[in-house]
Amino acid sequence: MTFIKNYILRLQEKIRYYGYLYYSLGSPIISDSRYDYLIKKLKYLENKYKFTWLKKDSPTLTIGSPGLLGLKKYKHITPMLSLNHVFTASDYLNFYTKVKVFLKEQKINFCCELKIDGLAINLIYRKGTLKKAITRGDGITGEDVTSNIYLISSIPKQLCGFNLPRTLEVRGEIFMLKSDFARLNNKAINNHTKTFSNTRNASSGLLLQKHLKTDAIKNLVFCCHGYGYFPDNLNMFDHSSRLIQLKNWGLPISGYSSIFNSNADILNFYKKIKSIRDFLDFDIDGIVIKVNSIIFQNKLGYTHKAPRWSVALKFFDKEKVSKILKVIYQIGRTGVITPVAQIEPICISGVTIRKVSLHNFNVIKQLDLHIGDVVTVKRSGDVIPKIVSVVKCYRSNHAQRVVSPKLCPVCKSKIKLDDNSVKVRCSSGVMCKGQLKKLLYYFCSKHGLNIYGLGYKIISKLVDNNYINNFSDFFNLTYDKLSNLDDIGKKTVLNIISSINQSKNITLSKFLCALGIRDIGLGKSKIITKHFTSLNNLMNANIQDFYLIKGIGLNTAHYLFNFLNNKSNKEMVFHLSKNLNIYSDHINRNSIVHKSNILFNKRIAISGSLQTFFRVEVINIIKKLGGHVTSNVSKNTDYIIVGKNPGSKFIKSRTLNTKVMLEHDLLKIIKICL
Ligand code: IVH
């Protein structure tokens, strides 16, 4: 329970920090979808574990953050709420059904609008004169940016027309056009001043200045999408007619809004907007669907955070623009040196990206990459980020070309080009501490012995402290040695020791893979060990035996044979085999499945990446336990196994209240049943 409490507290702290960066500094470091996901996760945990005291000042109860230091605060007349966000058509349909069931109406009109990616602003007009401009802040009080707003020409300082109310609160978005953003950034590059990473950062940077440093704020534009206080005596009870009234008073509104009453039309609007998104001169991140009738809106009401009559159906981003800060060189377990670009942080589909692997020096050549380049980053296959292109027109005259290193970044020995000149390698083998650490890390990872708790940082410290120099040293690790490392708790030490003991039973294929031989991962290890019933057999094989294996090429056969026949490697394997119980993959130790295990006959979905297992391994384990793994989440799903960075399946499972299983729950079941 203390673990859960601490976890919730840490999550609250994390969300408050992200909220502060987003709402107060206008400079988010995670995407909206990631933020929403964290809030959802927190809400779920707070509801599941009912520690009331923990909920008192939780970010789930407040919108936004306490405010920016330096600017004066001002209270909104009516609270400035946020919107509920969904990412899939089925989640949107959930919203629609709830509205329909609640209102018990046959025909409901929805006003569909663009969701502009800018900063929310509240404009207070008294008898038609602009008196205050306030950022959202915490939803109750915001920062007074009135003087800055005076420089934005699309915000009327004086309304025109008839029936101007005594008091009016106009809500809308302040943003920067993409074309202006490009022009300003170009100028900044040439003047060697700070560039902005996206239009939203640029807008908030300019709007929230305490003292105006440039007149660049003139580039901001405003679009109105709502109102706070709006007098009832004007007898306007449709959202769309209120917007038209605002337009008639001189306020800019979007020309893209439409009214629909069927789901098919709403989803078509979403598709259409998504397809024209890149052609718009301003950033949008979805559409907003609002019940059009104010009477219905009032019936539906609000939660403490958002209206029940509206939802934002957001786009999942795939590509974004960032900037190369520097290129570093990382060394792998086989000595390959990989160039990695450090970029200005960006969020794509909920994940913050700071580093992008450039794979090899050919990629750099093809991209003609320079430090400081503006680049397009894509999450290919939605997982691994990749630089797809360089926006060359932004390159400054002083940009430096990225060159391949001459020395190993760790041991400083000379490096050599690989056969096909694509890869660059350090040739010092495990004499290079960089290679050694990576190799030891690989040995302990899920590719190998799967020792829980031995991450790269701890292994690196163990090597630096001379506690570990080779694989066998892991089995001589003691409580004292581990406790001597900085920043390591008693519990972690005990967990590591117990995990090392558990790792001693290992299949031959996993053992072979753990050795980290060049070209031999788990797939090839499995193919190879099919032909050998024991370690002894494998060690005594000759090169022809390896050549003859289908699926193993000549190079791989050579690497394997040379490795296993190297004198010191032979000794190392011999030592290891004394500590380990290595058994053939083909002895079925677990033919009896406990039918009483809780996964038996259950439908199970998996979301996010697991630390201990590969996805295929989990699927096999679940199958062994008699469960069925499904690729989607539906109301028939019994459990969702949740790993790191879970995605849309997890979000959906929260709306269906699917039972959650964390990785350690799964481990417990496996321990009991297999
Ligand atoms: S309506 C009561 N309509 O999105 C909620 N918001 O993620 C009123 N936004 O804070 C918001 N375009 O700043 C609404 N067409 C639109 C919008 C829009 C962008 C922003 C707004 C809001 C944020 C919520």
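The values are calculated or read from the model by the stated rules, or taken from the named source; none is laboratory data. Note that the structure is predicted; figures quoted are calculated from it, not measured. Neighbour counts are summed over all protein chains in view; Cβ atoms, including those assigned to glycine, are modelled from backbone coordinates with ideal geometry.
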Open item on the list: Checking the structure you have, find out if any residue of the range 333-350 is closer than 27 Å to residue 256 by Cβ, within 11 Å of the ligand (Cβ to nearest atom), in contact with a strand residue (DSSP E or B) (Cβ under 8 Å, 6 or more places away or on another chain) and touching a residue at least 12 places away in the same chain (Cβ under 8 Å).
Closed with: no
Task: Any hit, the range 120-141, residues being in a loop (DSSP other than H, G, I, E, B), hydroxyl-bearing (Ser, Thr, Tyr), farther than 28 Å from residue 272 by Cβ and more than 16 Å from the ligand (Cβ to nearest atom) - done: no
Open item on the list: Cβ contacts < 6 Å: first residue among the β-branched types (Val, Ile, Thr), restricted to the range 191-206; second residue surrounded by fewer than 18 Cβ atoms within 10 Å (Cβ to Cβ), any location; separation 6+ or different chain. Result?
Closed with: 195/188
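Residue-wise test of (1) of a type in the set (Val, Ile, Thr); (2) away from the ligand (no atom under 15 Å from the Cβ); (3) in contact with an Asp or Glu (Cβ under 8 Å, 6 or more places away or on another chain); (4) in a helix (DSSP H, G or I).
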residue	(1), (2), (3), (4)
174	yes, no, no, no
184	no, yes, no, yes
211	no, yes, no, no
214	yes, yes, no, no
TODO: Could you please find all residues in the range 127-144 being in contact with a helix residue (DSSP H, G or I) (Cβ under 6 Å, 6 or more places away or on another chain) and crowded, with 22+ Cβ neighbours inside 10 Å?
DONE: 133
- [ ] Out of the residues in the range 72-86 that are under 22 Å from the mean Cα position of the chain (by Cα) and polar (S, T, N, Q), state the one that is surrounded by the most Cβ atoms within 10 Å (Cβ to Cβ).
- [x] 82
Task: Any chance residue 286 is in contact (Cβ under 8 Å) with a residue 12 or more places away in the chain, of a type in the set (Gly, Ala, Ser), within 14 Å of the ligand (Cβ to nearest atom) and on the phi > 0 side of the Ramachandran plot - done: yes
Task: Residues within the range 625-644 that are surrounded by 15 or more Cβ atoms within 10 Å (Cβ to Cβ) and polar (S, T, N, Q), tallied - done: 2
Task: Where residue 309 falls short, out of the listed (1) away from the ligand (no atom under 16 Å from the Cβ); (2) within 30 Å of the chain's Cα centre (by Cα); (3) surrounded by 14 or more Cβ atoms within 10 Å (Cβ to Cβ) - done: (1)
- [ ] Sort out which residues of the range 158-171 are in a loop (DSSP other than H, G, I, E, B) and surrounded by 13 or more Cβ atoms within 10 Å (Cβ to Cβ), and write them in order of number.
- [x] 159, 164, 165
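Looking at this structure, is residue 117 within 13 Å of the ligand (Cβ to nearest atom), closer than 30 Å to residue 324 by Cβ and under 29 Å from the mean Cα position of the chain (by Cα)?
yes
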Task: The lone exception for residue 99 - which of (1) within 16 Å of the ligand (Cβ to nearest atom); (2) in contact (Cβ under 8 Å) with a residue 24 or more places away in the chain; (3) in contact with a helix residue (DSSP H, G or I) (Cβ under 9 Å, 6 or more places away or on another chain); (4) not in a helix (DSSP H, G or I) it fails - done: (4)
Task: Qualifying position, being of a type in the set (A, V, I, L, M, F, W, C) and surrounded by 20 or more Cβ atoms within 10 Å (Cβ to Cβ), among 244, 273, 259, 328 - done: 273
- [ ] State whether the residues of the range 605-614 include one that is of a type outside the set (A, V, I, L, M), touching a strand residue (DSSP E or B) at 6+ places or on another chain (Cβ under 7 Å), more than 22 Å from residue 453 (Cα to Cα) and surrounded by fewer than 19 Cβ atoms within 10 Å (Cβ to Cβ).
- [x] no
- [ ] Filter the range 23-75 down to residues that are in contact with an Asp or Glu (Cβ under 6 Å, 6 or more places away or on another chain) and not in a loop (DSSP other than H, G, I, E, B) and give me whichever is modelled with the highest pLDDT.
- [x] 74
- [ ] Identify, from the list 276, 287, the residue that is closer than 24 Å to residue 18 by Cα and among the hydrophobic types (A, V, I, L, M, F, W, C).
- [x] 287
Task: Sole residue being surrounded by fewer than 18 Cβ atoms within 10 Å (Cβ to Cβ), under 23 Å from residue 556 (Cβ atoms) and of a type outside the set (D, E, K, R), chosen from 495, 484, 465, 536 - done: 536
Open item on the list: Cβ-Cβ under 6 Å, sequence separation 6+ or interchain: first residue in the range 102-113 and in a strand (DSSP E or B) and at pLDDT 95 or above, partner within 12 Å of the ligand (Cβ to nearest atom) and among the β-branched types (Val, Ile, Thr). Which pairs?
Closed with: 110/289; 112/287; 112/289; 113/288
Open item on the list: It is to be established whether one or more residues within the range 256-271 are within 15 Å of the ligand (Cβ to nearest atom), within 25 Å of residue 203 (Cβ to Cβ), among the hydroxyl-bearing types (Ser, Thr, Tyr) and over 29 Å from the mean Cα position of the chain (by Cα).
Closed with: yes
